[in-house]
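Working notes, structure below.
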Amino acid sequence: MLRKVLFIVPKTRKNMRYEYNYSANIMLMIKITILAVLGTFVLVAKSAYAQQFIVDDAAVTTERSFQIETWYGEFESEFIPAVSVTNWLEAGVAFVFDSKDDFSFAGYALEAKAVNADFEEATQAFGLAVSFGFSDASDFEEFVAYVPYSRMILNNRAVLHLNAGLASADNGDEWQTAFIYGARGDFGIHDRFAVLAEAYAENDDFGFQAGGRFGIVPGLLEMDVMYGRGFQSGMDFPGFTIGLAFTPDSLW
């Protein structure tokens with residue numbers, strides 16, 4: 001794999017009928033959650049680098065509002081503020097920390113995502129997402145571009161997400177490019193709980209991730225608990241992740 005992560009753009013936590021989303025961990029969750037709450041009042045940007053989900057949705061942050069996502073993973077953790085530029089475009093930045101190295105700063109990414117329609121109203125949408133990844137020394141080392149597609153299924157009780165695109169990374173000697181693709185299903189079980197499952201691949205390296213989403217404060221605060229790994233022996237990324245997402249409605 002080019003890196004441990006396939007899709008680098010963050011997952012939108014737009015308030016939807018089927019969705020509940022989050023990011024962070026127990027001890028670190030406490031620390032990062034505090035930062036997230038404080039950051040809520042001072043940050044207005046968004047993005048991702050390595051994220052809790054691999055497969056993205058074709059939706060953007062609620063218009064005239066923002067979201068803050070923070071999560072802990074066995075390998076990497078993130079703090080991701082995000083803002084909607086228009087009702088079809090969002091942009092921002094994500095800060096990545098190495099969970100196995102005392103949460104040292106590992107890098108950041110700049111990203112943007114545009115969609116053709118409001119997914120909640122149209123019940124389906126597609127978009128284009130791009131991400132520029134940088135090391136902790138601000139060296140440009142990764143680029144990702146892909147098309148996300150989302151569609152409500154099962155009488156709007158579930159949602160299917162499909163992604164396909166390209167990922168390029170600097171391995172130190174040269175840039176390598178791989179085809180990335182995947183599918184995710186969000187299945188609403190209760191107003192405050194959904195089951196999530198995804199399968200993804202970079203060329204012929206396949207992986208999966210599954211778990212649940214809990215609506216702590218519906219439409220405002222959500223938590224995801226997930227576990228995933230690659231199908232090949234030794235590919236244990238992304239491992240266990242737990243996170244929180246703060247998704248206020250329109251603020252201005």
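The values are calculated or read from the model by the stated rules, or taken from the named source; none is laboratory data. Computed from a predicted model, the values in this text were never measured in an experiment. Glycine gets a Cβ as well: all are built from the backbone with ideal geometry, and neighbour counts include every protein chain shown.
The table that follows gives values for the structure above.
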{"quantity": "Strands (runs of 3 or more DSSP E) within the range 155-252 that include 3 or more residues at pLDDT 90 or above, surrounded by fewer than 20 Cβ atoms within 10 Å (Cβ to Cβ) and not polar (S, T, N, Q)", "calculated": "158-170, 175-190, 193-202, 205-217, 221-230"}
{"quantity": "Matching residues, the range 124-165, being of a type in the set (S, T, N, Q) and touching a strand residue (DSSP E or B) at 6+ places or on another chain (Cβ under 7 Å)", "calculated": "Gln124, Ser131, Ser135, Ser150, Asn163"}
{"quantity": "Residues (part of a loop (DSSP other than H, G, I, E, B) and more than 23 Å from Arg229 (Cα to Cα)) located in the range 77-120", "calculated": "Val85, Thr86, Asn87, Trp88, Asn116, Ala117, Asp118"}
{"quantity": "Hits in the range 59-76 - residues which are crowded, with 24+ Cβ neighbours inside 10 Å and not in a loop (DSSP other than H, G, I, E, B)", "calculated": "Gln67, Ile68, Glu69, Thr70, Trp71, Tyr72, Gly73, Glu76"}
{"quantity": "Whichever residue in the range 144-154 is of a type outside the set (Ser, Thr, Tyr) and touching a residue at least 40 places away in the same chain (Cβ under 8 Å) and, among such residues, is surrounded by the fewest Cβ atoms within 10 Å (Cβ to Cβ)", "calculated": "Met152"}
